[in-house]
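Data first, discussion second: the structure below is written as structure tokens.
The values are calculated or read from the model by the stated rules, or taken from the named source; none is laboratory data. Remember, it's a predicted structure, so these values are computed and weren't measured experimentally. Note that each Cβ is placed from the backbone with ideal geometry, even for glycine, and that neighbours are counted across all protein chains shown.
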Amino acid sequence: MRREERKHQKKQEDIVDPITMEPIVGPAYLYIRPNGSNIHFDAETLADYILKTGDFRDPTTRIDFSQDDLKRLDNTLIKAGVKRESTMEAMLDSNRWQRNKVVENEVLALERFISELVSDIYHLIEQVNECNVDAGLAEEDFLDEMLPEFQLNFELLKRADPSVSKQCMEHYMSFLKGPPNKETGNREGFRNFVIRILRFLST
């Protein structure tokens, strides 16, 4: 253990991980910042965060981790018998994170576009509720015009990131239904019809 690490040691039970805000029960990683201040992380949680996001910075300050910092994180896990991909090697694999960035941008673009479609669907539901549009005609418009475009783009989102697509679909259906204390109107069952179709697409 380096002299700086011994100097900043704490009792394990007194340490709270800044990512999970839970007491650290596994191996703890002490990060000493360039200005001399320090913070303890749950080593497994920090490694998982880095490997999932590709963000090689201290999550609390956005200061870049050095290769030495990540090497010490890797060694902390190795000494504890925890099997993880090397965070230092991951940082050096620039092509990997460029590919991830392309997927991330694709997901964001799809999310924005689908959200606009959902807003249009909500507007159609409200038009039915206000008796400005016949429910039968609205159903035709939804099935013939809106649904094919929604389905196509949602399938692309599912392929790009299944977990994000699931979260988005839950948000879409919740948005269309409205909050519990002020639900969106359901004149002639049109709102529920739309939500049933979307729920079917999520399976």
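In the condition set (1) assigned to a helix (DSSP H, G or I); (2) without any contact (Cβ under 8 Å) to a residue 60 or more places away in the chain; (3) touching a helix residue (DSSP H, G or I) at 6+ places or on another chain (Cβ under 6 Å); (4) not assigned by TED's automatic domain parsing to the domain that holds residue 21, residue 133 is compliant with all but (1).
Test residue 38 against the stated conditions and say whether it is more than 24 Å from residue 161 (Cβ to Cβ) and in contact with a strand residue (DSSP E or B) (Cβ under 6 Å, 6 or more places away or on another chain). Break it down stepwise before answering.
Working: more than 24 Å from residue 161 (Cβ to Cβ): yes; in contact with a strand residue (DSSP E or B) (Cβ under 6 Å, 6 or more places away or on another chain): yes.
Yes: the conditions hold for residue 38.
Pairs are defined by a Cβ separation below 9 Å, a sequence spacing of at least 6 or placement on different chains, a first member in segment 96-112 that is loosely packed, with under 14 Cβ neighbours inside 10 Å, and a second member that is acidic (Asp, Glu); the pairs so defined are 103/161. Of the residues making up segment 154-169, those that are over 14 Å from residue 198 (Cα atoms) and small (Gly, Ala, Ser) number 2.
Residue by residue, here is whether (1) modelled with pLDDT under 90; (2) surrounded by fewer than 12 Cβ atoms within 10 Å (Cβ to Cβ); (3) closer than 29 Å to residue 98 by Cα holds:
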residue	(1), (2), (3)
2	yes, yes, no
12	yes, no, no
23	no, no, no
28	no, no, no
46	no, no, yes
52	yes, yes, yes
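Residues that are aliphatic (A, V, I, L, M), under 26 Å from residue 101 (Cβ atoms) and in a helix (DSSP H, G or I) do not occur anywhere in segment 179-198.
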